[in-house]
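Encoded as structure tokens, here's the structure I'll be asking about.
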Amino acid sequence: MRRVLPVVALAALSPLAALAALAEESAPAEAAPAVVEAAVVAATVEAAKEAPPAVDVVAARAGRHLLNPTPREAMRELSTDRPDKTESPYTVDAGHFQFETDLVTAAIDRGTAELGFNVINLKVGLTSWSDLQLIVGSYRLAGLGGGSVTASAGDLTPRLKIALLGNDGGPFALGTILYGTFEAGKAAPSLLGASLPMAFELPNDWSAGAMLSYENRMGDGDHHLLSMATVGHELVPDLGFFVELYSDVALSGPSPLVATLDLGLTWQALPGVQFDAGAFVGLTDAADDINPFLGLTMRY
């Protein structure tokens, strides 16, 4: 017996299911399968016509600049230069802003401590392959735990990051960062440097990064080579960890080797918001005993 669907039941169905049901009701029993199949095909074609076209995100980023921002639906995944010392080779999307900050950090060494508050890295995407950054040094309290306590403002470090390879995806990415540091109240830089950050995709959803940096520390006349490597993985969705090795070798001058083992956690609370916490542990006498930190990243 042919079943009859009331109007209310039809209204409760999806448009595609309702169309198929009506076709089945109005067709002879022996022709019902063919009619239903034709109705489904017709409804699918019509839905495809009405659906918005898929966004080619790479094409949507091309040619963008500060005054012609990347559309939000085409933005890259959040990528940060913190909390480890290995910088990211990826740039901030053109026309968008990002700030990364040490909410609080400490340098503890041989019974004394120094606290830092709000070291900020302000970033703006200039093009689809470059961003401009300004690191504003923190307000610091030194001499805690022994001696007199002194307060000081931090330095200013402008940086230009350029993506050289893999900025829009792939198993390998490479960039360069050019920077200089200016001490408070001085017009000439006390440090000039250049870095080559890189990132790798590893099996089983592991990620890795490495960076080489050269610094001319004009304040003390030393030239330094900084090298670092990091690996990371998600523990659970949106919560990950990293382990890093860092070294600072003086190419000239008497500065001793500084080496640290760096550990931390990152939590992406929202698509454009990330919290982090961890510590840098000194491996040599010239390094601080430990540098704990708590940080935040936000993107607009």
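The values are calculated or read from the model by the stated rules, or taken from the named source; none is laboratory data. Model, not experiment: these values are computed from the prediction. FYI the Cβ positions are ideal-geometry reconstructions off the backbone, even for glycines, and counts take in every protein chain you see.
What strands (runs of 3 or more DSSP E) completely inside region 75-185 contain at least 1 residues that are within 21 Å of Glu244 (Cα to Cα) and of a type outside the set (Phe, Trp, Tyr)?
Answer list for region 75-185: 97-109, 112-127, 172-181.
Suppose we keep only residues that are touching a Leu at 6+ places or on another chain (Cβ under 8 Å) and more than 17 Å from Gly232 (Cα to Cα) within region 261-280. Which one would you say is modelled with the lowest pLDDT?
The qualifying residue modelled with the lowest pLDDT is Pro271.
Pro203 fails exactly one of the following numbered conditions: (1) without any contact (Cβ under 8 Å) to a residue 24 or more places away in the chain; (2) surrounded by 14 or more Cβ atoms within 10 Å (Cβ to Cβ); (3) within 23 Å of Phe172 (Cβ to Cβ). What is the number of that condition?
(2)
A quick yes/no check of all residues on (1) closer than 30 Å to Asp56 by Cα; (2) in contact with a strand residue (DSSP E or B) (Cβ under 9 Å, 6 or more places away or on another chain); (3) in contact (Cβ under 8 Å) with a residue 24 or more places away in the chain:
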| position | (1), (2), (3) |
| --- | --- |
| Gly154 | no, yes, yes |
| Gly169 | yes, no, yes |
| Phe172 | yes, yes, yes |
| Thr176 | yes, yes, no |
| Leu192 | no, yes, yes |
| Gly221 | no, no, yes |
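Go through the residues of region 207-230 one by one and say whether even a single one is over 24 Å from Gln98 (Cβ atoms), in contact with an Asp or Glu (Cβ under 7 Å, 6 or more places away or on another chain) and loosely packed, with under 14 Cβ neighbours inside 10 Å.
No, that holds for no residue.
I need a count of the residues in region 236-247 that are free of Cβ contacts under 8 Å to residues at least 24 places away in the same chain and hydrophobic (A, V, I, L, M, F, W, C).
Qualifying residue count for the region: 3.
So which of Ala269, Ala250 is free of Cβ contacts under 8 Å to residues at least 60 places away in the same chain, hydrophobic (A, V, I, L, M, F, W, C) and crowded, with 17+ Cβ neighbours inside 10 Å?
Ala250
Are any residues in region 80-108 of a type in the set (S, T, N, Q) and in contact with a helix residue (DSSP H, G or I) (Cβ under 9 Å, 6 or more places away or on another chain), and if so, which ones?
none
Restricting attention to region 110-134, which residues are over 19 Å from Glu183 (Cβ atoms), of a type outside the set (Gly, Ala, Ser) and touching a strand residue (DSSP E or B) at 6+ places or on another chain (Cβ under 8 Å)?
Thr112, Leu115, Lys123, Val124, Leu126, Thr127, Trp129, Asp131, Leu132
Still on this structure: More than 30 Å from Phe241 (Cβ to Cβ), modelled with pLDDT of 55 or more and not assigned by TED's automatic domain parsing to the domain that holds Leu156 - does that describe any residue in region 29-36?
Scanning region 29-36 turns up at least one residue that is more than 30 Å from Phe241 (Cβ to Cβ), modelled with pLDDT of 55 or more and not assigned by TED's automatic domain parsing to the domain that holds Leu156.
Quickly run through region 187-200 and pick out the residues that are of a type outside the set (A, V, I, L, M, F, W, C) and out of contact with any Gly (no Cβ under 8 Å at 6 or more places or on another chain).
Scanning region 187-200 gives a single hit, Ser195.
With (1) touching a residue at least 40 places away in the same chain (Cβ under 8 Å); (2) surrounded by 14 or more Cβ atoms within 10 Å (Cβ to Cβ) as the list, and Glu183 as the residue in question, which single condition is left unmet?
(1)
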